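The values are calculated or read from the model by the stated rules, or taken from the named source; none is laboratory data. The model shown is predicted, which means the values in this text are computed figures rather than measured ones. Neighbour counts are summed over all protein chains in view; Cβ atoms, including those assigned to glycine, are modelled from backbone coordinates with ideal geometry. In case anyone asks, the SASA skips ligands and DNA or RNA and just uses the protein heavy atoms, side chains included. Shrake-Rupley method; radii C 1.70, N 1.55, O 1.52, S 1.80 Å.
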Amino acid sequence: MSNAIESLGSLWGPLLVLGQIGLFTLVLLLSIAFLLLLDRKVWAGVMMRKGPNVVGPFGLLQSFADFGKFLLKEIVIPAGANKAVFIMAPILTCTLAFVTWAAIPVAPGTETGTSWVIANLNVGILYLFAISSLGVYGIIMGGWASNSKYPFLGALRSAAQMVSYEVSIGFVIVTVILLVGSMNLTTIVNNQDGGIQNWHVFSFQYFPLILVMLPMFVIFFISALAETNRPPFDLPEAESELVAGYQVEYGSTPYLLFMLGEYLNIVLMCAMMTILFLGGWHGPIALGPELTANMPPLLLSLAGLAWFMGKVLFCFFLFALVKAIVPRYRYDQLMRLGWKIFLPTSLAAVILVAGYVTFVGGLS
Amino acid sequence: MAFIAFSLIAAIVVLAAMFVIAARNPVHSVLWLILTFFSAAGLLVLIGAEFLAMLLVVVYVGAVAVLFLFVVMMLDVDFVELKQGTARYWPFALLVGVILLAELALVSAAGGSIPTGNMDASPNAPTNAEAIGFVMYTDYMLLFQLAGIVLLVAMVGAIVLTLRHKPHIKRQDIAKQTGRRRADAVELKDPTPGQGI
């Protein structure tokens with residue numbers, strides 16, 4: 001093995017990164033297939049239906065059947081559409097959704113302070129914020145290029161909605177950055193080591209701040225719903241008013257790409273909640289160094305990966321429940337919630353946390 | 001490796017910037033502009049200023065360009081009509097271009113070659129976010145505050161320009177809406193047949 005690595009020389013680095021990217025992509029695509037099913041099953045369960053149950057045992061292969069259907073259908077481009085932009089929009093959405101995962105650390109590394117991540121960026125959280133704020137382009141471009149009224153209205157709504165909620169998401173992220181004193185995602189996760197009370201939702205290591213961080217988590221969760229156009233904020237594709245919003249003219253593979261990008265973004269938001277607030281790969285009970293010292297490091301990494309995935313799954317379950325339970329918001333209510341309630345609240349939280357860090361001391 | 005990456009990204013920046021003014025459709029122009037911004041962020045990453053790069057993407061690509069695109073898409077412009085008068089502006093455009101080129105040539109001739117001073121993206125600090133913070137909040141504190149005040153004035157101006165108090169307009173009262181109860185909204189009536197209420 002080591003001989004093989006040496007013979008590759010300087011090619012080893014890029015090859016390793018390519019391998020990691022391939023692995024991430026494969027795992028993500030497979031998880032999306034089953035998360036889609038979970039989404040539909042939860043939705044069905046709340047409505048006391050059975051949900052997909054024909055393809056495979058318990059309907060487990062439903063997503064793969066859907067995938068085949070999407071791929072085999074004919075691509076229809078409307079006559080008046082702007083062809084290049086029309087095709088580019090879903091590709092852009094899907095690519096951006098994948099690219100964000102390059103900075104997400106999913107498990108602790110074998111050495112302390114490292115993690116399983118493709119690119120350990122110093123400005124990781126800012127990178128996530130920047131790339132996910134580009135997601136709106138796919139939607140605007142798709143809506144405009146379709147050259148049709150409903151998609152265009154849907155695109156305009158969605159652009160306004162995503163730009164509005166990005167602001168409060170940004171401020172919530174700033175509170176966490178202030179607490180940790182770093183924008184590196186691995187550092188942010190390691191700041192929450194030591195048991196469930198140290199997760200940023202509860203923030204017991206900065207004692208009274210639970211009063212600030214718990215509401216911030218709720219704001220982040222609701223803003224994430226709005227940012228990913230999930231119900232109850234699915235105004236861009238409100239089917240009773242706009243048929244399917246920006247996706248009206250899309251079918252087959254381009255539609256598949258849109259949907260894939262959307263679900264990747266949802267899982268990304270779940271991962272961000274896990275990393276920023278729910279302690280990332282740290283379990284709820286801290287194992288002391290005397291316990292972990294004798295364990296193989298790989299086992300610890302895998303346990304961390306399991307915790308991480310479990311938390312992401314929990315967040316996704318919440319997303320699915322909200323979709324099934326909460327009725328859709330009216331557009332003016334959506335805007336009021338974003339600008340008049342979330343923005344002032346998160347702004348006040350930034351000031352409170354900054355004051356705490358300055359006068360009580362939080363930076364370690 | 002870094003040189004190849006720089007050449008590639010720089011070429012994309014220049015080409016995309018050219019297409020911004022060459023594209024016939026204004027929406028395409030904005031899309032090319034977005035590509036220009038994004039590639040410029042790539043250049044910043046290459047010199048090690050990753051914080052500035054991310055800010056460029058967040059602020060310009062993620063917010064400003066979205067508004068651009070918004071406005072341009074809403075405009076209903078007749079492009080053929082728009083293009084007809086362009087020939088008149090050629091001399092003026094040529095003049096501006098020549099002046100710009102002459103200025104560039106003058107600067108490079110006057111010994112303004114590549115600066116050789118401190119090229120470190122994060123001097124005296126571990127990360128360049130901290131480096132920018134140190135400079136901005138110590139050396140340029142007053143200017144920073146002034147910029148904030150300018151933005152505040154602009155915001156107040158925009159609000160004053162659009163705020164109008166028209167009489168006889170039904171306004172939404174959110175507290176009233178959410179405070180509605182079943183008792184004040186629904187009334188059960190039992191009308192006798194043939195009489196109505």
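Calculate the dipole size of region A:179-294 relative to its Cα centre from +1 charges on Lys and Arg beta carbons and -1 charges on Asp and Glu beta carbons; express the result in debye to the nearest 20.
Details: 1 positive and 9 negative charges, 86 e Å.
The calculation lands at about 420 debye.
Take the solvent-accessible surface of the protein heavy atoms, probe 1.4 Å, and return the percent of it on region A:296-339 that carbon and sulfur atoms account for. Can you show the working numbers first?
Details: 1910 of 2380 Å².
It is 80 percent, rounded to a whole number.
How high is the relative contact order of chain A? Use alpha-carbon pairs under 8 Å, at least six apart in sequence, and give a whole percent. Please list the in-between numbers first.
On the way: 525 pairs, mean separation 83.8, N = 364.
Here the relative contact order equals 23 percent.
Kindly compute the accessible surface that chains B and A hide from a 1.4 Å probe when together, both sides summed, and give it to the nearest 100 Å². Each step should come with its number before you reach the end.
Numbers: alone 16780 and 17390 Å², together 32040 Å².
Separately minus together, B and A give about 2100 Å² buried.
Ranked highest first by average number of other Cβ atoms within 10 Å, how do A:74-87, A:176-189 line up?
Working: A:74-87: 14.1, A:176-189: 22.1.
The most tightly packed comes first, giving A:176-189, A:74-87.
If I take every Cα pair under 8 Å that is 6 or more residues apart in region A:1-145, average their sequence separation and divide by the length, what percent do I get for the relative contact order? Don't skip to the answer; put the middle values down first.
Working: 105 pairs, mean separation 28.8, N = 145.
It comes to 20 percent, rounded to a whole number.
Hey, got the dipole for the protein assembly as shown? About the Cα centre, +1 on K and R Cβ, -1 on D and E Cβ, debye to the nearest 20? Spell out each step's value before the answer.
Details: 28 positive and 28 negative charges, 368 e Å.
In debye, rounded to 20, the protein assembly as shown gives about 1760.
Other chains near B:57-67: what is the mean number of their Cβ atoms within 10 Å of each residue's Cβ? Before the final figure, lay out each step's value.
Details: counts 7, 9, 2, 0, 5, 13, 5, 0, 2, 10, 2.
The per-residue average across the peptide is 5.
Can you list the residues of region A:86-123 with backbone N under 19 Å from a point 7 Å past the Cα of B:F19, pointing along Cα to Cβ?
Only A:86-96 pass the distance filter.
Considering only protein heavy atoms and a 1.4 Å probe, what is the carbon-and-sulfur percentage of the accessible area of chain B?
Numbers: 11210 of 15720 Å².
Result for chain B: 71 percent of the exposed heavy-atom area is carbon or sulfur.
First compute the accessible area of region A:66-180 with a 1.4 Å probe, then give the percent of it belonging to carbon and sulfur atoms. Intermediate values should be presented prior to the final figure.
Values: 2880 of 4280 Å².
Summing carbon and sulfur atoms, their accessible area is 67 percent of the total for region A:66-180.
Within 10 Å of each Cβ of A:155-163, how many other protein chain Cβ atoms are there on average? Don't skip to the end; give the middle numbers.
On the way: counts 3, 3, 0, 0, 5, 2, 0, 2, 5.
Shielding by partners across A:155-163 averages 2.
Could you sort out which of A:K340/B:K176; A:K50/A:K73; A:K149/A:K340; A:K41/A:K323; A:K50/A:K323; A:K149/B:K176 sit more than 23 Å apart by Cα distance in this structure? The partial results should precede the final answer.
Details: A:K340/B:K176 17 Å; A:K50/A:K73 27 Å; A:K149/A:K340 30 Å; A:K41/A:K323 12 Å; A:K50/A:K323 17 Å; A:K149/B:K176 34 Å.
Cα-Cα > 23 Å for A:K50/A:K73; A:K149/A:K340; A:K149/B:K176; rest within.
Run the numbers on region A:218-346 and let me know its relative contact order in percent, using alpha-carbon pairs under 8 Å that are six or more apart. Display every interim value, and only then the final one.
On the way: 82 pairs, mean separation 45.6, N = 129.
Relative CO of region A:218-346 lands at 35 percent.
If I take all pairs of Cα atoms in region A:236-364, what percentage of them are more than 23 Å from each other? Write out the running numbers ahead of the final one.
Numbers: 4981 of 8256 pairs.
That tail contains 60 percent of the Cα-Cα pairs.
Once fully extended, how much extra length lies between B:K176 and B:I47, figured as 0.36 nm per residue of separation less the alpha-carbon to alpha-carbon distance?
Working: separation 129, 0.36 × 129 = 46.44 nm, distance 5.62 nm.
Length difference between fully extended and current span is 40.8 nm.
Tell me, Kirkwood radius of region A:91-185 from alpha-carbon pair distances, in Å? It would help to have the intermediate numbers written out before the result.
On the way: mean 1/r = 0.0662 Å⁻¹.
Value: 15.1 Å, from the Cα pair sum.
Check each residue of region A:116-150 and keep those whose accessible area, probe 1.4 Å, is at least 40 Å² smaller with all protein chains in place than in the chain alone; give them in order of residue number.
For region A:116-150, once contacts with the other chains are taken into account, A:N122, A:V123, A:L126, A:A130, A:L134, A:Y137, A:I140, A:W144 lose 40 Å² or more.
Projected onto the charge dipole of region A:212-336 (+1 at Lys/Arg Cβ, -1 at Asp/Glu Cβ, origin at the Cα centre), which of A:F277, A:F220, A:L242 gives the Cα projection farthest towards the positive end?
About the Cα centre, the residue reaching furthest to the positive side is A:F277.
With every protein chain present, what is the per residue accessible area of the protein assembly as shown (1.4 Å probe, Å²)? Could the numbers behind the result be given before it?
Values: 32040 Å² over 561 residues.
I get 57 Å² per residue for this part.
Tell me, what is a quarter of the convex hull surface for the C-alpha atoms of chain A, in nm² with one decimal? Before the final figure, lay out the partial values.
Details: hull surface 85.5 nm².
For chain A, the mean projected area of the Cα convex hull comes to 21.4 nm².
Of the listed peptides B:63-72, B:171-180, what is their order by residue-averaged count of other C-beta atoms within 10 Å, with the highest listed first? Don't skip to the end; give the middle numbers.
Values: B:63-72: 16.8, B:171-180: 8.1.
Packing proxy ranking, top to bottom: B:63-72, B:171-180.
At q = 0.20, 0.24, 0.27 Å⁻¹, what base-10 log of I(q)/I(0) does the Debye formula yield for region A:178-225 when every alpha carbon is treated as an equal point scatterer in vacuo?
With one equal scatterer per Cα and no solvent, log10 I(q)/I(0) is -0.70, -0.94, -1.07.
Every cysteine in the protein assembly as shown with no other Cys Cβ under 4.7 Å from its Cβ, please list them in numeric order.
Flagged as lacking a Cys partner: A:C94.
If the only charges are +1 at each Lys and Arg Cβ and -1 at each Asp and Glu Cβ, what is the size of the charge dipole of chain B around the Cα centre, to the nearest 20 debye? Could you put the intermediate results ahead of the total?
Values: 12 positive and 12 negative charges, 200 e Å.
Once rounded to the nearest 20, the dipole reads 960 debye.
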